[in-house]
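See structure below.
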Amino acid sequence: MQCQENPCEKYRQLQNVADSARQAAFQSMIEASEYGSLIQFIKSSFSADNQEALVEAVYNYMDSLQLHCSVQIRCNGVITTWSSRNTQADEIETEVFEATKFKGRIVDFQNRTVFNA
């Protein structure tokens, strides 16, 4: 006597396998896009010939990750802080950078993170 498999159950199993494959493919595409954005950032940052070009590369990369950021560059005693694309930071942002510059490489507070390098 042969046991017959329920066709509805077989269909559900195949549907689950197809859904898992679809999710894996979608996740792979997302990761490939993120890697592409990172590679573009690295290229742009290495080819930047001034601070503004470097900051623009940072903003482009952060935009690709849907993140907002401020940037501060300290070079030869000159400190320049940008709040958003091509705008100078306000006093509070500058104070946050100043307060965290010796607190370590990565400083988390509330929903913000400061990276010092």
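The values are calculated or read from the model by the stated rules, or taken from the named source; none is laboratory data. Just so we're clear, the structure is a prediction, and the values are computed from it rather than from any experiment. Neighbour counts are summed over all protein chains in view; Cβ atoms, including those assigned to glycine, are modelled from backbone coordinates with ideal geometry. Ligands, DNA and RNA are excluded from the accessible area calculation, which covers all protein heavy atoms including side chains. Shrake-Rupley method; radii C 1.70, N 1.55, O 1.52, S 1.80 Å.
Which one is nearest to residue 61 (Cα to Cα) among residues in the range 1-29 that are aliphatic (A, V, I, L, M) and under 33 Å from the mean Cα position of the chain (by Cα)?
Out of the qualifying residues, it is 29.
Could you tell me which numbered condition residue 66 fails, if it satisfies all but one of (1) in a loop (DSSP other than H, G, I, E, B); (2) polar (S, T, N, Q); (3) open to solvent by less than 100 Å² (accessible area, probe 1.4 Å)?
If we test residue 66 against (1) in a loop (DSSP other than H, G, I, E, B); (2) polar (S, T, N, Q); (3) open to solvent by less than 100 Å² (accessible area, probe 1.4 Å), just (3) comes out false.
Given the conditions (1) open to solvent by 90 Å² or more (accessible area, probe 1.4 Å); (2) under 18 Å from the mean Cα position of the chain (by Cα), and given that residue 32 satisfies all but one, which numbered condition is not satisfied?
Condition not satisfied by residue 32: (1).
Residues that are touching a helix residue (DSSP H, G or I) at 6+ places or on another chain (Cβ under 8 Å) and either modelled with pLDDT under 90 or not in a helix (DSSP H, G or I) (or both): does the range 45-61 have at least one?
yes
Could you figure out which of (1) touching a strand residue (DSSP E or B) at 6+ places or on another chain (Cβ under 7 Å); (2) under 15 Å from residue 58 (Cα atoms) isn't true of residue 84?
With respect to (1) touching a strand residue (DSSP E or B) at 6+ places or on another chain (Cβ under 7 Å); (2) under 15 Å from residue 58 (Cα atoms), residue 84 is out only on (1).
Scan the range 98-117 and report the pairs whose first residue is open to solvent by 60 Å² or more (accessible area, probe 1.4 Å) and whose second residue is in a helix (DSSP H, G or I), with Cβ atoms within less than 6 Å and a gap of 6+ or a chain change.
From the range 98-117, no pairs qualify.
Conditions tested, residue by residue: (1) under 21 Å from the mean Cα position of the chain (by Cα); (2) at pLDDT 85 or above; (3) part of a strand (DSSP E or B); (4) within 19 Å of residue 51 (Cβ to Cβ).
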site	(1), (2), (3), (4)
74	no, yes, yes, yes
82	yes, yes, yes, yes
93	yes, no, no, yes
99	no, yes, no, no
102	no, yes, no, no
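From the residues in the range 69-88 that are more than 27 Å from residue 34 (Cβ to Cβ) and of a type in the set (A, V, I, L, M), which one is surrounded by the fewest Cβ atoms within 10 Å (Cβ to Cβ)?
78
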